[in-house]
Amino acid sequence: MEGAGVLCGLLIIVAQLLQMAVSQNLQVGFYDQSCPTAESIVRTAVERGFQQDPGNAPGLLRLHFHDCFVRGCDASVLLDGPKSEKVASPNFSLRGFEVVDAAKAELELQCPGLVSCADLLAFAARDSIELTGGKRWDVPAGRRDGTVSNNAEAEAMLPSPSLNVQQLTDSFTRKGLSQSDMITLSGAHTIGRIHCSTVVARLYPTTDPSLDADLATQLKTLCPQTGGSAASTFNLDPTTPDLFDNMYYSNLFGGKGVLQSDQILFESWSTKLPTMFNILSTTSFTSSFADSMLTMSQIEVKTGTDGEIRRHCRVVNPAASPGPSA
Ligand code: HEM
């Protein structure tokens, strides 16, 4: 048992070292010379999107997470197509695509062919957190965009809320993230929403006994077994739904996790102890969150001559013309 724990620890350290090696290819201020306005263009689009609909902030944050877990942070989640990641079941409720389109259109006007959609997503996620009250951090850039997007890969790589603690942990360690990163990043659920279609499995035919009784009653009112709308939504953090604070964890300590995966993480001592200090205050949480986001946003990035800089985030660039035939 002890041997397995040591081995697991070593594997995590190796994965993190590999991650650090990758991060050396990205650079803070990557666009300083080539497109000095890149980050402010993205920021302006995110602010506009946020004013139109504050739900774009959680939407953009989740887009970045779902991007990074499938083929690395390469904007594969943004590609349209009948079998692309967008049609995978964990991605049914992704939002924020219009904000990405607006930012990319302006980037292409000012700096054609220079700023990747993958970097755009990383900047937009950071800005969204800052706009909702979280801590700002410098985003190393230089990611390039992938050309492949496959729904089956998204189904396989994105963690489901019905996984147990070990399966959830495995899905993060596979990507070079520690269990502590996983719990800290799950704090993203301090903003945003969940759909009835996601919650009903905990309510019917029998109510999940780990669900707080008052919360179960509220959820059943919003999501009746018959006659309700699968599209109705409930705030993931009912206390301060639009604020990037540590309130979501307080809910979990009170047994009020809407998302089953978050609640079971908190019912396991093995996952609770290591991160307890990170989340005791909003300041320590937002600071730990920024650190873990830095790690997440560098998963399996494409740099150098890998991939491409997409002209439009929803489609790969047309293949280069083969030139005149001999
Ligand atoms: C630990 C594994 C995770 C699972 C199982 C999970 C699952 C989910 C589910 C089921 C929803 C609600 C979907 C719906 O009904 O519309 C959701 C929402 C959300 N998740 Fe996660 N998540 C996880 C980790 C993360 C991470 C690491 C982040 C970001 C760093 C994140 C960010 C979000 C955000 C911001 C929302 C709200 C989206 C919106 O309002 O549009 N999640 N997640």
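Couple of notes before you dig in:
- Rounded if a/c under 1.5, otherwise prolate or oblate - the stretch 184-291, Cα gyration tensor axes: prolate
- Per-residue SASA entry for V28, accessible area with 1.4 Å probe, Å² rounded to 10: 80
- Accessible-area order (highest first, 1.4 angstrom probe) of the listed residues D242, D306, D208: D242, D306, D208
- Computed with the Debye formula from one identical point scatterer per Cα of the stretch 65-165, without solvent, the log10 of I(q)/I(0) at q = 0.16, 0.25 Å⁻¹ comes to -0.75, -1.39.
- Cross-link table K104/K220; K83/K220; K86/K220; K256/K302; K83/K135, entries beyond 31 Å C-alpha to C-alpha: K104/K220; K83/K220; K256/K302; K83/K135
- √(5λ) per eigenvalue of the Cα gyration tensor, the chain, largest first, Å: 33, 23, 20
- Projecting the Cα atoms of S292, Q263, S34 onto the dipole axis of the chain, where Lys and Arg carry +1 and Asp and Glu carry -1 at the beta carbon, places Q263 farthest toward the positive end.
- Counted charge near W137, where neighbours are those whose Cβ lies closer than 13 Å (Asp, Glu -1; Lys, Arg +1): -2
- For the stretch 168-222, a Kirkwood radius taken over Cα pairs fed into Stokes-Einstein (10 °C, viscosity 1.306 mPa s) yields D = 119 µm²/s.
- Take each peptide in 67-75, 197-205, count the other Cβ atoms within 10 Å of every residue, and average; sorted highest first, the result is 67-75, 197-205.
- Probe 1.4 Å - accessible area at F65, Å² to nearest ten: 50
- Label-to-label distance, L243 versus E153, with points set 7 angstrom from Cα along the beta-carbon direction: 4.0 nm.
- Annotation for the stretch 92-168 versus the stretch 182-223: alpha-carbon center distance of 25 Å.
- Carbon and sulfur %, accessible surface of the stretch 124-171 computed with the full protein complex present, 1.4 Å: 47
- The angle between the Cα long axis of helix 2-23 and the longest principal axis of the Cα atoms of the chain comes to about 30 degrees, rounded to the nearest 10.
- Crossing angle, helix 97-110 versus the chain [Cα axis fit, 0-90 degrees, rounded to tens]: 20
- Entry note, the chain: relative contact order of 26 percent, from Cα contacts under 8 Å with a spacing of 6+ residues.
- Charged-residue dipole, Cβ positions (Lys, Arg, Asp, Glu), the chain about Cα centre, Debye nearest 20: 320
- Nonpolar atom fraction for the stretch 184-291, defined as the carbon and sulfur part of the 1.4 Å probe accessible area, stands at 58 percent.
- Net +/- balance of residues flanking Q218 in space, Cβ distance below 13 Å, scoring K and R +1, D and E -1: +1
- Positive minus negative residues near E85 (Lys, Arg vs Asp, Glu; Cβ under 14 Å): -1
- Summed over the residues of the stretch 184-291 and divided among them, the accessible surface reaches 45 Å² per residue at a probe radius of 1.4 Å.
The values are calculated or read from the model by the stated rules, or taken from the named source; none is laboratory data. All of these numbers come straight from a predicted model, not from anything done at the bench. For neighbour counting, all protein chains shown are included, and Cβ atoms are generated from backbone atoms with ideal geometry for every residue, glycine included. Ligands, DNA and RNA are stripped out before the accessible areas are found, and what is left, the full protein with its side chains, is counted by its heavy atoms. Shrake-Rupley method; radii C 1.70, N 1.55, O 1.52, S 1.80 Å.
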